[in-house]
Amino acid sequence: MATGHTEAPGGKAPFPPFQPDTFASQLVWFAIIFFAFYLIMSKLALPRVGGVIEARRNAIASDLAEAQKLKDASEKEIATYEEELAAARARAQAIGSETRDKLAAQADSERKVLEDRLSARLAEAEKTIDATRRTAMGNVRGIAADAAAAIVQRLSGAAPDARAVETAVDQVLKG
């Protein structure tokens, strides 16, 4: 059976692109289709892809510029915040110092009032102690005179002279 094709060994027809009688026409159609695809791609598809890429590049650049602007604004706000925080800390420190000074002055005045009251009480207590001591010393003199008279009477058997006993007690008490 004779067709326009040569048969490969084993009785099978060869792969069509490798048939020598259709090879030249296949190359021509390959070139025509390649140039048609090239024109379609270069005139329609590639400009669209290039436009999308350029739009994306512009969007990224715009987003980066906006991000930088927002970063600068946030840094400015942070600096303002830190300045206000420092001022607030300084005001708090001043208020604390003022309050501490007021409380110290108030404590000093209350301490002085208390010291004055305690000094007055101490003076009264010293007067009371002094009066009690004088009374006790007066009693001691009397007790010493009575004891001395009793001792002299016991030792000598005779009643001593009251004036001599008082003179002797006065000399001993004076030192």
> Which value, in debye to the nearest 20, gives the size of the charge dipole of the range 31-78 about its Cα centre, when Lys and Arg are +1 and Asp and Glu are -1 at the Cβ?
Replying inline: 300 debye
>> Charges on Cβ only, +1 for Lys and Arg, -1 for Asp and Glu, centred on the Cα centroid of the range 22-174; of I32, I60, S74, which one is farthest towards the dipole's positive end?
In response: I32
> Where the centre of each part is set by its Cα atoms, how far does the range 79-122 sit from the range 25-74, in angstrom?
Replying inline: 74 Å
>> Straight-line reach only, C-alpha to C-alpha below 20 angstrom: list the aspartates and glutamates that K112 could link to, leaving out same-chain residues fewer than 8 apart.
In response: D101, E124
> Of L173, S97, Q153, whose Cα points farthest to the positive end of the dipole of the chain (charges on the beta-carbon: +1 Lys, Arg; -1 Asp, Glu; origin at the Cα centre)?
Replying inline: Q153
> In debye to the nearest 20, how big a dipole does the chain give about its Cα centre with +1 on each Lys and Arg Cβ and -1 on each Asp and Glu Cβ?
Replying inline: 260 debye
>> Quick check: the angle from helix 46-156's long axis to the longest principal axis of the chain, C-alpha only, nearest 10 degrees?
In response: 10 degrees
> From the list (1) 20.2, 68; (2) 16.9, 51; (3) 64.4, 191, can you say which value of Rg and Dmax of the Cα atoms in Å was derived from the structure given?
Replying inline: (3)
>> What FRET efficiency comes out for A31 versus A59 if R0 is 30 angstrom and r is the Cβ-Cβ distance? Round to the nearest 0.05.
In response: 0.15
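Throughout, read-outs are computed from the coordinates displayed, never taken from laboratory work. On a predicted model such as this, the values are computed, not experimentally measured, just so you know. A quick note on method: Cβ atoms are made from the backbone with ideal geometry, for glycine too, and the neighbour counts reach across all protein chains shown.
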